[in-house]
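Before any comments, here is the structure.
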């Protein structure tokens, strides 16, 4: 199966045609955006060509596309992202990362990801503040208060966007493993506590609180009204 998957991976030529088609077909589609997610970096040569091609189009157009790419540790990739002004979203869940996001050997990845975050911040501080955001997944395993305190107190996250992703599926084996009924109630109480707090703390710019509420409210406020002429 793995051999079949490798044989059917997209070629650089196909990626090149897709980018060309996108800019020709939808030259005025508002905010043009390509997202490279998950394992995209394993095909770096193809995706670098795709990113470069879209950069070429953006220079020929008044529209400036954003790029999202899940970051890996390789310096070559990081330098390329910074040079071409990609938007980077890092999946990082705070302290629970050590238990819930493990590598191939079963080891937790908290320290590894923190080291990457610290390196980007130290090497490219302006890029880090402007172009780096975090996807924080909240599940029945999440220790809410610990997670909240971690993000709100760590200066590395003071000026970055947190995208709080809520994951709950009572029929999911993962949720059942972590006693989803009891823990789900705890999470609901945690979110309710944050909601009550938010009117009195929103001016403080607490990253976790803002990630839970401010980002959502901003999306509602700026949502397309009527027929924008394209599908957002």
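The values are calculated or read from the model by the stated rules, or taken from the named source; none is laboratory data. Bear in mind the structure is a predicted one, so any value in this text is a computation, not a measurement. We place every Cβ from the backbone using ideal geometry, glycine too, and count neighbours over all the protein chains shown.
Table for the structure above
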read-out: Search result, residues across the range 183-223 that are farther than 18 Å from residue 145 by Cα and either outside the structural domain of residue 136 (by TED's automatic domain parsing) or in contact with a helix residue (DSSP H, G or I) (Cβ under 7 Å, 6 or more places away or on another chain) (or both); value: 214
read-out: Flag if residue 140 is at pLDDT below 85 and either surrounded by 15 or more Cβ atoms within 10 Å (Cβ to Cβ) or not in a strand (DSSP E or B) (or both); value: yes
read-out: Verdict on residue 109 being closer than 27 Å to residue 81 by Cα, in contact with a strand residue (DSSP E or B) (Cβ under 9 Å, 6 or more places away or on another chain) and at pLDDT below 95; value: yes
read-out: Any hit, the range 168-183, residues being modelled with pLDDT of 90 or more and under 22 Å from residue 91 (Cα atoms); value: no
read-out: Residue check, residue 122 free of Cβ contacts under 8 Å to residues at least 12 places away in the same chain and either surrounded by 16 or more Cβ atoms within 10 Å (Cβ to Cβ) or part of a helix (DSSP H, G or I) (or both); value: yes
